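Read through the structure below, which is laid out as structure tokens, and then see the notes.
The values are calculated or read from the model by the stated rules, or taken from the named source; none is laboratory data. All values derive from a computational prediction rather than experimental measurement. No Cβ is skipped: glycine too gets one built from the backbone with ideal geometry, and neighbour counts run over all protein chains shown. Accessible surface areas use protein heavy atoms only, side chains included; no ligands, DNA or RNA. Shrake-Rupley method; radii C 1.70, N 1.55, O 1.52, S 1.80 Å.
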Amino acid sequence: MTKTEPSVVLEPTPRSARGGFFRDLDWRRYVIYIGFVVVFIFFAVLLGNQGFLSPNNLLNILSQTATIAVIAVGMTFVISAAEIDLSVGSVAGLSSVTAAMTVSAFGLVPGILAGLLVGVVVGSINGALVSLLGIPSFLVTLGMLGVAAGTAQYITNSAPEPILDDTFNNLFGSGSIGPVPVLVIWAVVAVAVGAVVLGRTRYGRQVLATGGNRSAAQYTGIRTRRITFTVLLVSAVVASLAGMLYAGRLQSGRFQWGEGDELSAIAAVILGGTSLFGGAGTVVGTAFGALLIGLINNGLVLAGLDSSQQQIIRGAIIILAVALAKKK
């Protein structure tokens, strides 16, 4: 009797296994880099004859983006911890006039310390009100936005404060090292330090844990109130540094410097891949988000759009940034 061979049943390939690599790949992680390349190519083709690709224009984009990138690094820590800081633009303006007035009266080093002290004071107040009294950071920093802006305008009588110290101006914005503007170097250093701290240190992991699930973080021994306090302190100090970069580049302190930068910084952070709801953050992505915004601003100017049209498009970018945020 002939033995019957056992039949072999070929199971269909599961749908989940088909193209599994591409199916499992989270394209949202790379959307900022893809978007940056697409926008750059678009403007390069459209505005190539208008000097978009010239070295001077590309360096100009980097210089104009640098200050926002610095502010956005601090904002990345705040948003990663599920908080928000709306006062950074006004802190930058207040720091610029404080540093300018102090440099004129007492010299370089006191001026730098006074500018940074603005961030320390404002950040400590913000952090204490949020972490100790439990007031939402949105409300605290919204109020501080008005306080800082009003203070800067009051102490200067709405007039610019010129800075005649060449060392200060060269150190914080007007100078360059070879062909590279000092502003770009400040931004690179800020991004590098921020990326290492957030991605490679215990403190960075605690920030992300606090933003991801505050209750669970507390059960693991993380002092979430301290984390909330420090991220708001860091954000304000970084904003005060940005204010001095404005002052050095424009060789004067004005209460208007930094006006509206809080929105650009938040948009850069969210476009870069940091979750608006906390728990996930990337400083390198934030830097590319800031570069994308600077790229678009530069392209719109070269394209001849007026200020109202530029404002509409920038507002659309912010809406897009919020739409891309996904709660984990």
Accessible area, 1.4 Å probe, largest first: how do LEU292, LEU171, LEU117 sort?
-> LEU117, LEU171, LEU292
Please state the equivalent ellipsoid semi-axes for segment 100-242: what are the square roots of 5 times the Cα gyration tensor eigenvalues, largest first, in whole Å?
-> 32, 22, 11
Once Rh is set to the Kirkwood radius over Cα pairs, what Stokes-Einstein translational diffusion coefficient, in µm²/s, holds for the chain at a temperature of 4 °C and a viscosity of 1.567 mPa s?
-> 61 µm²/s
Solvent-accessible ranking of TYR219, TYR30, TYR154, TYR246, largest area first, probe 1.4 Å = TYR219, TYR154, TYR30, TYR246
Evaluate the relative contact order of the chain (contact order divided by residue number), counting alpha-carbon pairs under 8 angstrom at least 6 apart; express in whole percent.
-> 31 percent
For segment 112-149 and segment 281-321, distance of Cα centres in Å | 27 Å
accessible surface per residue for segment 204-283, probe 1.4 Å, DNA/RNA/ligands not counted, whole Å² -> 39 Å²
Helix-only CD estimate at 222 nm, as mean residue ellipticity for the chain, using -39500 (n - 2.57) per DSSP H run (n ≥ 4) = -23000 deg cm²/dmol
A 1.4 Å probe over the protein heavy atoms gives the chain a carbon and sulfur accessible-area percentage of 65 percent
Can you give the net charge of the other residues whose Cβ lies under 12 Å from the Cβ of VAL103, counting K and R as +1 and D and E as -1?
-> -3
Which whole-percent values make up P(r) of segment 254-310 when all C-alpha to C-alpha distances are grouped in 5 Å steps starting at zero?
-> 4, 18, 20, 21, 18, 11, 6, 1, 0
Rounded to the nearest 10 Å², the accessible area of LEU145 at probe 1.4 Å | 50 Å²
Surrounding net charge for GLY89, when Lys and Arg each add one and Asp and Glu each subtract one, Cβ distance under 9 Å | -3
Per the 1/(1 + (r/R0)^6) rule, R0 = 35 Å and r from the Cβ atoms of ASP306 and ASN157, FRET efficiency to 0.05 is 0.65
